[in-house]
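Enquirer: First the structure, then my questions, so here it is.
The values are calculated or read from the model by the stated rules, or taken from the named source; none is laboratory data. Since this is a predicted model, take the numbers as computed values, not measurements. Don't worry about glycine lacking a Cβ; one is built from the backbone with ideal geometry, like all the others, and counts go over all protein chains shown.
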Amino acid sequence: MVLVFKILLLRTSRQQSFQIQSPVFSREFTILDDQETEVADFYRISNFFSSPAYQIVNQTNAMTMEELIAVVMGVNAIEKRKNSSGAANSGGS
């Protein structure tokens, strides 16, 4: 099973959509463009007792490093929210 996020990147010069894929329970993410060409990968390399750290591998010039960092920050926020809501829902009476 693969988890898929879809993002729409709006720039002043053009609009482009990408999708982020990740196997379930994985720390690896792949960004694909409209033609499903691999644009970048990012991996969560640490999260133990600290804020998560990611390694980003930009494979094309389809996205700038700043855009990739913004995407990683967004995915991290989604993961964090998902994990905190799961923890809140699993506990209780």
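Enquirer: Among (1) touching a Leu at 6+ places or on another chain (Cβ under 8 Å); (2) modelled with pLDDT of 85 or more; (3) in a strand (DSSP E or B), which single condition is residue 41 missing?
Expert: (1)
Enquirer: Which of the residues spanning segment 78-92 are of a type outside the set (S, T, N, Q), part of a helix (DSSP H, G or I) and either at positive phi or at pLDDT below 80 (or both)?
Expert: Result: 86, 87, 88.
Enquirer: Counting just the residues of segment 9-29 that are exposed (fewer than 12 other Cβ atoms within 10 Å of the Cβ) and modelled with pLDDT under 70, which one comes out farthest from residue 70 (Cα to Cα)?
Expert: So, considering only residues that are exposed (fewer than 12 other Cβ atoms within 10 Å of the Cβ) and modelled with pLDDT under 70, the one farthest from residue 70 (Cα to Cα) is 13.
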